[in-house]
1. Which links in LYS39/LYS84; LYS318/LYS423; LYS41/LYS122; LYS306/LYS377; LYS306/LYS430 stretch past 20 Å when you go from one Cα to the other?
2. Loop-only check: which trypsin sites (Lys or Arg not before Pro) in region 35-135 are DSSP coil with at most 13 other Cβ within 10 angstrom?
3. Exposed loop chymotrypsin sites (Phe, Trp or Tyr not before Pro) only (DSSP loop, at most 15 other Cβ atoms within 10 Å): please give the longest stretch of the chain free of them, not including the sites.
4. Compute the accessible area per residue over the chain, keeping the other protein chains in place, probe 1.4 Å, unit Å².
5. Tell me the trypsin sites (Lys or Arg not before Pro) within region 125-194 that lie in a loop according to DSSP and have at most 12 other beta-carbon atoms within 10 Å.
6. So what is the calculated 222 nm ellipticity per residue for the chain, using -39500 (n - 2.57) for each DSSP H run with n of 4 or more, over all residues, to the nearest 500 deg cm²/dmol?
7. Students often check this: by mean Cβ neighbours within 10 Å, which of 191-197, 414-420, 29-35, 261-267 ranks highest, and how do the rest follow?
8. Within the set of other residues whose C-beta is less than 12 Å from the C-beta of LYS39, count the net charge using Lys and Arg as +1 and Asp and Glu as -1.
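The values are calculated or read from the model by the stated rules, or taken from the named source; none is laboratory data. Predicted model, so just to flag it, every value in this text is computed and none were measured. Don't worry about glycine lacking a Cβ; one is built from the backbone with ideal geometry, like all the others, and counts go over all protein chains shown. With ligands, DNA and RNA removed, areas are computed over all heavy atoms of the protein, side chains included. Shrake-Rupley method; radii C 1.70, N 1.55, O 1.52, S 1.80 Å.
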Amino acid sequence: MKARKVRQCCLPFALSILMSATFSAHAEDAAESAALIAKGKYLAIAADCGACHTAPNQGKEMSGGYIISSPLGNIVASNITPSKTAGIGDYSEQDFVKAVRSGINKQGQHLYPAMPYTSYAKISDADMHALYVYFMHDVKADDNVPPATDLPFPFNIRSSMFFWNMLFADNKPFIPAKDKSDVVNRGDYLVNALAHCDTCHTPRNALMGQNNDQALSGGSLGSWYAPNITPDQQAGIGNWSDAQIAQYLKTGHVAGKAQAAGPMAEAVEHSLQHLSDDDINAIVAYLRQIPAVTQATNSPRDALGKPATDEAALRAVKNPDAGWQVYASSCANCHQADGAGNHFYPSLFHNTATGAPQADNLIATIVYGVHRQVDGKDVVMPAFGPDGLLTDRLSDQQISDVSNYVLKNFGNAQLNVTPEQVKTVREGGKRPLIARLAQPAVWGGGAVVIIILLVLLVSISRKGKKHGA
């Protein structure tokens with residue numbers, strides 16, 4: 001009897017141990033799952049997914065509908081929530097990886113490189129897995145169906161991207177450089193893969209492929225211009241301190257140097273300000289050691305200009321400068337009559353937008369305004385283009401006049417802005433050669449044949465060189 005009682009007493013004890021072990025295993029699995037989702041969320045923020053796939057002021061997270069203005073036409077971001085009817089809910093992990101790295105969705109359709117799969121191709125397997133888990137298990141499913149992207153012919157033929165990818169999408173994984181530190185390699189991974197800084201700041205060729213021989217030396221973004229961020233002292237950011245670069249990435253503002261607007265403001269708001277200090281410092285370390293790209297310029301773009309002293313004289317003139325009249329009525333109340341700004345509004349001298357070798361960002365800032373939110377605080381400049389209030393809107397001639405006044409007094413006086421340039425910025429920027437060739441008025445349907453033949457010839461040439469090497 002005693003032995004039997006002992007065995008009966010041991011049974012609940014054994015069950016207790018088993019249940020405790022099972023609970024611990026479940027708790028451990030739950031903790032690992034939560035950590036993986038948290039990692040995926042951080043990676044999605046670093047990759048700036050939400051900036052494009054969430055429509056501002058109205059869209060639910062990752063539900064699509066945001067319109068991306070490209071030189072080829074407007075591209076509408078898709079729904080990437082786990083909705084099975086409108087999003088990626090029925091994507092396997094393999095489907096997800098193929099879309100992100102190769103730009104081909106589950107239906108076999110080619111995506112346009114406004115989705116930067118050419119950079120995302122370098123994202124590691126571990127990070128791709130974390131991203132997939134995050135999107136499938138933490139993003140809330142939404143059944144919003146955004147309008148379909150409808151580019152003009154021939155760019156509406158998605159299969160043509162097959163040829164473009166042959167030339168410009170190498171699908172090579174990121175390999176850390178053995179002669180670089182872990183910090184620099186992390187910065188390389190962020191700049192050229194996850195955060196895809198290279199897609200904006202690297203110039204593009206006639207077929208819109210990246211000219212990586214001039215990596216990060218500046219590139220046109222339609223209405224905006226992403227500047228040279230190589231360590232050249234004159235043309236790049238070689239005269240910036242590490243702390244200034246880090247501050248700009250985190251806040252979009254460095255007094256006496258630069259303020260983020262347009263696509264860069266979006267990157268700061270939705271992505272960069274949320275990165276860890278370690279990752280920000282890694283980006284800085286990487287940018288410090290890349291090859292400097294020199295360009296024709298006499299001084300750093302943040303070193304030009306001085307306070308204006310002609311306010312009284314211009315008021316006394318019977319027919320004052322047309323640009324000053326616009327400035328006095330529309331700009332001086334915030335930026336001050338002498339252009340020095342104040343605690344809320346930046347100085348217009350020692351400002352990269354006014355001192356740059358091109359006037360694109362100055363014009364675009366006037367046309368579209370500025371908006372970024374950092375640490376929950378809004379930084380806003382009203383638009384004076386078609387999105388502005390009726391009482392604020394300026395004509396192309398007025399924007400040209402005020403741009404020239406600002407450049408003459410506060411920035412690069414060598415530039416001269418014309419109403420035609422303003423019109424081009426309003427319409428989305430100068431169209432690349434590939435877009436101009438495709439215009440019916442130029443070549444008609446023959447443009448398709450020319451473009452495809454050109455791509456094939458270049459592709460065959462490249463393959464021949466590889467085989468002969």
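1. From LYS39/LYS84; LYS318/LYS423; LYS41/LYS122; LYS306/LYS377; LYS306/LYS430, over 20 Å: LYS39/LYS84; LYS318/LYS423; LYS306/LYS377; LYS306/LYS430.
2. LYS84
3. Within the chain, the longest run free of exposed chymotrypsin sites (Phe, Trp or Tyr not before Pro) spans 1-343.
4. Dividing the accessible area of the chain by its residue count gives 53 Å².
5. Filter output for region 125-194: LYS140, LYS178.
6. Calculated mean residue ellipticity at 222 nm is -13500 deg cm²/dmol.
7. Sorting 191-197, 414-420, 29-35, 261-267 by mean packing, highest first, produces 191-197, 261-267, 414-420, 29-35.
8. Once positives and negatives cancel, what remains is -2.
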